[in-house]
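All remarks here apply to the structure that follows.
The values are calculated or read from the model by the stated rules, or taken from the named source; none is laboratory data. Values in this document were obtained by computation on a predicted structure and should not be read as measured data. Please note: Cβ atoms are built from the backbone with ideal geometry, for glycine as well, and neighbour counts cover all protein chains shown. Only protein heavy atoms, including side chains, enter the accessible area calculation; ligands, DNA and RNA are left aside. Shrake-Rupley method; radii C 1.70, N 1.55, O 1.52, S 1.80 Å.
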Amino acid sequence: MSSLLRLATAGSVDDGKSTLVGRLLYDTKSVLADQLDAVTRASVDKGLSTPDLSLLVDGLRSEREQGITIDVAYRYFATPKRSFVLADTPGHVQYTRNTVTGASTAQLAVLLVDARKGVIEQTRRHAAVLALLGVPQLVLAVNKIDLVDYDEATFTVIAKEFASHAETLGYPQGSVLAIPVSALEGDNVATRSERTPWYSGPSLLEHLEDVPVAPDPHDSALRFPVQYVIRPRTPEYPDYRGYAGQIAAGTVRPGDEIVVLPQGIRSRIERIDTADGPLDEAGAGTSVTLLLTDDIDISRGDLIAAADAPPRVTDEITGTLCWLSSKPLKTGARVLVKHGARTVQALVGELHARFDEQQLSSVDSPASLELNDIGLVTLRLAEELGVDDYGVSPRTGAFLVIEPKDGDTLAAGLVGERFS
């Protein structure tokens, strides 16, 4: 079975993300004939002699009208070596929240720069967000290399500047690769280009196929947020009581000892049910219904975890926030915290620091966090939650901060300090 790589793209507006993603889909033969026909017709209408591959991914009408990508779109493609799930995120600074969303589960990120512009403010911002989220592998795609006449010196300057920046963010050597590409012409995207004889590395697709992936979440301790409690109470199932959800991390088997949080009650797995019948084992990403050997009062939002490696139960979270609202965050604000399937009331405590992603430094005790600021904040919860450090378990180490009045998302949060 081929392995799976989750990746995200990031870059500024007009750096060519849509064209690069379209080129990957086209070169891996992941485009249906009718889709390609539609793009070809649209390209002819625009007066182009070749298909505009960016149209393959600019599916929203408003995108075509405005020329911008406004949300996170997930693309799926495969080669004989590996399958890919690609999160295509927008480039505008006001959509940093989408970069956070798209990259939150990525094992690799492709960060684009325009060869004519080099590393700019948005490049550094995106790199900081990717480092914050712990994305372990980066590719710097120096796009539009054709527009600088495939100049080696231009590529080398950009690659060195970004490598230095990435190292400061904590990326070790070997985790960042710069590739000169032309998404429009196809240079070094699927195959190596003869027009960059000075580049000896792999094409982008070759690298995506061969790059080592992060540890399998199946190897972590069990984490199972309860989404629904199933009690049919029918004549056929009068006493059935199962807990449905998706396994966030780890593996579960009948007989495993578990603990239910935040109550701290222990029990054992009796059975693993699915729509296709019971299982002997289930791993991360699988949706199942768990039955326990004991009759315990469990509700939606509770967490079933491995008894020998439970998360921390706490009524106070100190975490790193990416503030996504135009309304500033200040101490004393009342918010909601959504963690897994549970939402609790919270009070904003201390604002410990704000991260300056341009200077790569911290500002202690800021008065507030503004739109797109990244900061270290303590939240005091009205109820206890079972949480992990984000670096240990991303699924149970992440949370959202929500406006109580209208339900708007205010911030994406990661348990623990993600910068220093």
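Evaluate E = 1/(1 + (r/R0)^6) for Gln173 and Thr234, where r is the Cβ-Cβ distance and R0 equals 45 Å; express this FRET efficiency to the nearest 0.05.
Working: r = 61 Å, r/R0 = 1.35.
Efficiency, from the Cβ-Cβ distance: 0.15.
Could you work out how far helix 152-168 tilts from the main Cα principal axis of the chain, as a 0 to 90 degree angle to the nearest 10?
Once rounded, the angle reads 20 degrees.
Just to be sure I understand: of the beta bridges DSSP finds with both ends in the chain, what percent are antiparallel, rounded to 5? Numbers along the way, then the final one.
Values: 73 of 99 bridges.
Beta bridges within the chain, antiparallel portion: roughly 75 percent.
Students often forget the sequence filter, so: which lysines lie under 16 Å Cα-Cα from Lys29 once same-chain residues fewer than 8 apart are removed?
Hits, sequence-local ones excluded: Lys81.
Assign unit charges at the C-beta atoms only (+1 for Lys and Arg, -1 for Asp and Glu), then state the dipole size of segment 246-394 relative to its Cα centre in Debye, rounded to the nearest 20.
Numbers: 13 positive and 24 negative charges, 111 e Å.
The dipole magnitude comes to about 540 debye.
Taking a 1.4 Å probe, which of Tyr74, Tyr240 shows the most accessible area, and what order do the others take after it? Please list the in-between numbers first.
Numbers: Tyr74 100, Tyr240 45 Å².
So, going from the largest accessible area down, we get Tyr74, Tyr240.
Just to confirm, what accessible area per residue do you get for the chain at 1.4 Å probe, in whole Å²? Can you show the working numbers first?
Working: 19460 Å² over 420 residues.
About 46 Å² of surface per residue is accessible.
Any idea what angle helix 121-132 forms with the longest principal axis of the chain, computed on alpha-carbon atoms, 0 to 90 degrees, nearest 10?
The angle comes out near 30 degrees.
Say the dipole of segment 84-194 comes from +1 at the beta carbon of Lys and Arg and -1 at that of Asp and Glu; which of Ala103, Gly186, Val157 then lies farthest toward its positive end?
Ala103
Gain in length, Leu147 to Lys330, computed as 0.36 nm per residue apart minus the alpha-carbon separation, to one decimal in nm? Numbers along the way, then the final one.
Values: separation 183, 0.36 × 183 = 65.88 nm, distance 4.61 nm.
Length gained, Leu147 through Lys330: 61.3 nm.
Helix-only estimate, please: 222 nm mean residue ellipticity of the chain, summing -39500 (n - 2.57) across DSSP H runs of length 4 or more and dividing by its residues, to the nearest 500. Mind showing how you got there, number by number?
On the way: 7 runs with 74 residues, N = 420.
The helix contribution divided over the chain gives -5500 deg cm²/dmol.
Between helix 17-27 and the chain, what is the angle of the helix's C-alpha long axis to the longest principal axis, kept within 0 to 90° and rounded to the nearest 10?
Helix 17-27 and the main axis of the chain meet at about 90 degrees.
At a 1.4 Å probe radius, carbon and sulfur cover how many percent of the accessible area of the chain? Spell out each step's value before the answer.
Numbers: 9300 of 19460 Å².
Taking all protein chains in place, the chain shows 48 percent carbon and sulfur surface.
If I model a spin label at Tyr76 and Thr286 as a point 7 Å from the Cα along the Cα→Cβ vector, what separation in nanometres do I get?
1.9 nm
Which length gain, in nm to one decimal place, applies between Arg241 and Asp408 when the Cα-Cα distance is subtracted from 0.36 nm times their residue separation?
Numbers: separation 167, 0.36 × 167 = 60.12 nm, distance 3.38 nm.
Extra length available between Arg241 and Asp408 comes to 56.7 nm.
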